[in-house]
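The values are calculated or read from the model by the stated rules, or taken from the named source; none is laboratory data. Source: prediction; values computed, not measured. In this analysis, Cβ positions are derived from the backbone assuming ideal geometry, glycine residues included, and neighbour counts consider all displayed protein chains. Remember, those area values only see protein heavy atoms, side chains included, never the ligands or the DNA or RNA. Shrake-Rupley method; radii C 1.70, N 1.55, O 1.52, S 1.80 Å.
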Amino acid sequence: MSDAKTYTLQDCVKKIEDIRQTFASDIAQLGGQLQPRAVEDLKVKFLGRKGLVTELMEALKSMPKEDKPGAGKVINELRQGLEKELEALKIKAEEGALDQHLNQHRLDVSLPVQVRRGQGSLHPVTLMRRILLTEFRRLGFTVYDGPEVDLDFYNFSALNFKDDHPARDMQDTFFIADRAKTILRTHTSNIQIHAMLHEKPPLRIVAPGRTYRCDSDLTHTPMFHQIEGFVVDRGIDMGDMKGVIDRFLKAVFGEDLETRLRPSFFPFVEPGAEFDLQCVACRGKGCRICKQTGWLEIGGLGMIHPNVFEAVGYSSEEYTGFAFGFGIDRMAMLRYKLSDLRQLFEGQQDFLGQFPTYP
Ligand code: DAH
């Protein structure tokens, strides 16, 4: 191309023919082993800044005026054709490279989840408890703790369970051998008594903790977690109770869900009720999880019985209050869509390490 003046349309067409042939033979040389890197090299050789096609376009400048439009057109066609082919080759090469990689590193989708060892994670019950406590703190509750091994007095008598009351049997109590009247608490309601004996009203307390009953199946484990809540002050009524439960459940599970109370019996409340939440899975339509009812049973609650106030020395004339209690594990099962409660307590790190860290 040193002698630009002699470069005519005919030369140009001939040159294009040469370039096409070079391109075809370069590809033939690459054979089946097409690497993305090789395609990139080809692109530089033909279309790069000093590439063959670019060189030809430079030569266009020095061609006779009448040949320029025709030559420009064929060069452009060449350029576009090569671009297209190179793009297709690039995709083919990348797919080939991926195949090769997958063949070398076999991917078995049936392997258990890979949990990064050495890096800890929070247990789903811990995550759930933190979510609940965050919400209760927002509602002005203080967090309280109480003993897991306790006297009958705190777990039963002071909560208005009479000595021969059948409700004691309902709770499959574990007794401590050779220790009179000492048990593993069957519910977190014992914390009501401990707290009321230590504090003066007004009280707004929540108390999470482990509880124990002799029970084991798909939805029961001998150790499980509950959270207790209670409010004591002058002039507390059932509207306050319903309001707190409703606000709290909506905050945790969604504002679109309704709550409801059903009359029930617990010795330490009067009136007593159980509270339900619209099913978190089907949002109330009816599904397998809520057994087609649209509702989930969450826990028990009621207005604190005057006998409980008498047992801790509060005046039941002056004060009223409400209490509620429910299972944290069941909440975690609903939130994380678990089907077997026992998985929570088997200590399998592959299972336990999968839960998203709060928040
Ligand atoms: N302690 C009850 C249980 O474990 C749950 C409960 C019911 C707690 C009513 C309460 C309440 O505070 O008012 O079954």
> Going through segment 195-207 one residue at a time, which ones are over 17 Å from ALA311 (Cβ atoms), open to solvent by 20 Å² or more (accessible area, probe 1.4 Å) and out of contact with any Ser or Thr (no Cβ under 7 Å at 6 or more places or on another chain)?
Replying inline: PRO202
> Among the residues of segment 328-338, is any modelled with pLDDT of 95 or more, among the hydroxyl-bearing types (Ser, Thr, Tyr) and on the phi < 0 side of the Ramachandran plot?
Replying inline: no
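Yes or no, residue by residue, for (1) open to solvent by 20 Å² or more (accessible area, probe 1.4 Å); (2) under 19 Å from LEU249 (Cβ atoms):
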residue	(1), (2)
TRP295	yes, yes
ILE304	no, no
GLY313	yes, no
THR320	yes, no
GLY327	yes, yes
MET333	yes, yes
TYR336	yes, yes
> Residues in segment 115-122: is at least one under 30 Å from GLY209 (Cβ atoms), among the hydrophobic types (A, V, I, L, M, F, W, C) and out of contact with any Gly (no Cβ under 8 Å at 6 or more places or on another chain)?
Replying inline: yes
> What pairs come up if the first residue lies in segment 289-304 and is acidic (Asp, Glu), the second is within 8 Å of the ligand (Cβ to nearest atom) and at pLDDT below 95, and their beta carbons are under 8 Å apart, counting only those six or more places apart or on different chains?
Replying inline: none
> Of the residues in segment 176-191, how many are away from the ligand (no atom under 16 Å from the Cβ) and either touching a residue at least 24 places away in the same chain (Cβ under 8 Å) or touching a helix residue (DSSP H, G or I) at 6+ places or on another chain (Cβ under 9 Å) (or both)?
Replying inline: 4
>> Restricting to segment 227-279, name every residue that is assigned to a loop (DSSP other than H, G, I, E, B), hydrophobic (A, V, I, L, M, F, W, C) and away from the ligand (no atom under 12 Å from the Cβ).
In response: ILE236, LEU257, CYS279
> Pick from segment 318-359 the residues that are in a loop (DSSP other than H, G, I, E, B) and among the hydrophobic types (A, V, I, L, M, F, W, C): which of them is nearest to ASP276 (Cα to Cα)?
Replying inline: LEU338
> Would you pick out the residues in segment 193-242 that are under 30 Å from the mean Cα position of the chain (by Cα) and of a type in the set (Asp, Glu)?
Replying inline: ASP215, ASP217, GLU228
